[in-house]
Amino acid sequence: MKRQFLSGPYLVWMFLFTLIPLAIVVYYAFTDSVTGSFTLSNMASMGSYLPIFLRSVWLAVVSALICLVVGYPVAWCIAQTKPMTQRFLYMLVMLPMCISFLLRTLAWVSLLEDTGIINRLLGQIGIGPLRLVRNDGAVILGMVYNYLPYMIMPLYTVIMKIDHRLVDAAQDLGCDGGQVFLRVTLPLSVPGIVSGVTMVFVPAVSTFYISQKMGGTTSTMIGDVIESQFKTAYNPNLGAALSLVLMVLVLVCVAVMNHFTGEDESVVTI
């Protein structure tokens, strides 16, 4: 009885700030903006936004993979250091997140714009100005920079929990460094990889500020479309329908993450 009582505030919180907003989104997604009657027209119009959905998914996947390639060595190196050094390096990873997300994005715009610091330096050696902003590459750069800590944190946590006796056993059985990584470290760090990819992909696929400031007219993402439906087009019904599709995508990602990270034991073949 006491446990049920203690869970009461959480249940109230979930009901007020999760279930009710979700119900409102579903209601608007399946109703007409004029009469308020039930309709599937909002969902039927999803086909016209399919290219934007695909572009958003593609940019989010590329950003997540780049974060994985960059973040895995960083997490592994942090995990190999002394505890005091680990805390210091972990703080350095977290430090940029203490700065406003908007300021970090605008700082990159100042660096990459045609009259920015980088192009001015390139101009002094006779190069440029280069188009470093208002393209998909700039959007990916912005997402990688902002979401990289979300990749490093779960990877570091999982790598830290790997039993070093397994590594020693693999080395005693004749495995070199590459074989130890492929047969021991990498399989045991799969839960961290899945968690990190999910934590990067979910916010990246729905981002809108980064694509607005660092992308061009061809870099519009689904988050930009949703924002425009609520702020400029004044069509919250279509915006809710787009948001509902994104929520389904998020739920699929969470389900995949739970499938891979729900295992209590991992099997390592040496």
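The values are calculated or read from the model by the stated rules, or taken from the named source; none is laboratory data. Because the structure is a prediction, the values reported are computed rather than measured. Neighbour counts are summed over all protein chains in view; Cβ atoms, including those assigned to glycine, are modelled from backbone coordinates with ideal geometry.
Considered as a group, the residues in the stretch 192-203 that are buried (at least 20 other Cβ atoms within 10 Å of the Cβ) and in contact with a Phe, Trp or Tyr (Cβ under 6 Å, 6 or more places away or on another chain) include one that is nearest to Leu59 (Cα to Cα), and that residue is Val200. Pairs linking a residue in the stretch 173-202 that is farther than 13 Å from Tyr72 by Cα and touching a residue at least 60 places away in the same chain (Cβ under 8 Å) to a residue that is surrounded by 22 or more Cβ atoms within 10 Å (Cβ to Cβ) and among the hydrophobic types (A, V, I, L, M, F, W, C), with Cβ atoms under 6 Å and 6 or more positions apart or on different chains, are Val200/Ala64; Val200/Cys67; Val200/Met151; Phe201/Ala60; Phe201/Ala64. For the stretch 94-104, state whether one or more residues are surrounded by 13 or more Cβ atoms within 10 Å (Cβ to Cβ), over 24 Å from Val62 (Cα atoms) and modelled with pLDDT under 90. No, because not a single residue in the stretch 94-104 is surrounded by 13 or more Cβ atoms within 10 Å (Cβ to Cβ), over 24 Å from Val62 (Cα atoms) and modelled with pLDDT under 90.
Residue by residue, here is whether (1) over 23 Å from the mean Cα position of the chain (by Cα); (2) modelled with pLDDT under 75; (3) among the charged types (D, E, K, R); (4) surrounded by 14 or more Cβ atoms within 10 Å (Cβ to Cβ) holds:
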| position | (1), (2), (3), (4) |
| --- | --- |
| Tyr234 | yes, no, no, no |
| Asn237 | yes, no, no, yes |
| Leu242 | no, no, no, yes |
| Leu249 | no, no, no, yes |
| Val252 | no, no, no, no |
| Ala255 | no, no, no, no |
| Gly262 | no, yes, no, no |
| Glu265 | yes, yes, yes, no |
| Thr269 | yes, yes, no, no |
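Just one of the numbered conditions (1) modelled with pLDDT under 90; (2) in a helix (DSSP H, G or I); (3) over 30 Å from Val245 (Cα atoms) is not true of Trp108: (1).
The set of residues in the stretch 79-99 that are among the hydrophobic types (A, V, I, L, M, F, W, C) and more than 21 Å from the chain's Cα centre (by Cα) comprises Ala79, Met84, Phe88, Leu89. If I ask for residues that are more than 12 Å from the chain's Cα centre (by Cα) and not aliphatic (A, V, I, L, M), which ones from the stretch 57-78 would you list? Trp58, Gly71, Tyr72, Pro73, Trp76, Cys77 - these are the residues of the stretch 57-78 that are more than 12 Å from the chain's Cα centre (by Cα) and not aliphatic (A, V, I, L, M).
Being of a type in the set (A, V, I, L, M, F, W, C), under 24 Å from Met84 (Cβ atoms) and in contact (Cβ under 8 Å) with a residue 12 or more places away in the chain is a description that applies to Leu148.
So that you can scan it fast, the table gives a plain yes or no per residue for (1) β-branched (Val, Ile, Thr); (2) part of a helix (DSSP H, G or I); (3) at pLDDT below 90; (4) under 25 Å from the mean Cα position of the chain (by Cα):
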residue: Arg131; (1), (2), (3), (4): no, no, yes, no
residue: Tyr145; (1), (2), (3), (4): no, yes, no, yes
residue: Leu148; (1), (2), (3), (4): no, yes, no, yes
residue: Ile162; (1), (2), (3), (4): yes, no, yes, yes
residue: Arg165; (1), (2), (3), (4): no, yes, yes, no
residue: Ile193; (1), (2), (3), (4): yes, yes, no, yes
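Of everything in the stretch 167-184 that is of a type in the set (A, V, I, L, M, F, W, C) and not in a helix (DSSP H, G or I), the residue that is surrounded by the most Cβ atoms within 10 Å (Cβ to Cβ) is Cys175.
Given the criterion within 16 Å of Phe230 (Cβ to Cβ), modelled with pLDDT of 90 or more and under 30 Å from the mean Cα position of the chain (by Cα), identify the matching residue among Ala23, Ala29. Only one candidate passes the filter, namely Ala29.
Among the residues of the stretch 25-76, just one is in a strand (DSSP E or B) and free of Cβ contacts under 8 Å to residues at least 24 places away in the same chain, namely Phe38. With respect to (1) crowded, with 19+ Cβ neighbours inside 10 Å; (2) touching a helix residue (DSSP H, G or I) at 6+ places or on another chain (Cβ under 6 Å), the lone exception for Phe208 is condition (1). A count restricted to the stretch 195-216 and to residues that are within 8 Å of the chain's Cα centre (by Cα) and among the aromatic types (Phe, Trp, Tyr) stands at 1.
Taken over the stretch 40-83, the criterion of being of a type in the set (S, T, N, Q) and either crowded, with 17+ Cβ neighbours inside 10 Å or within 17 Å of Tyr156 (Cα to Cα) (or both) is satisfied by Asn42, Ser56, Ser63, Gln80, Thr81.
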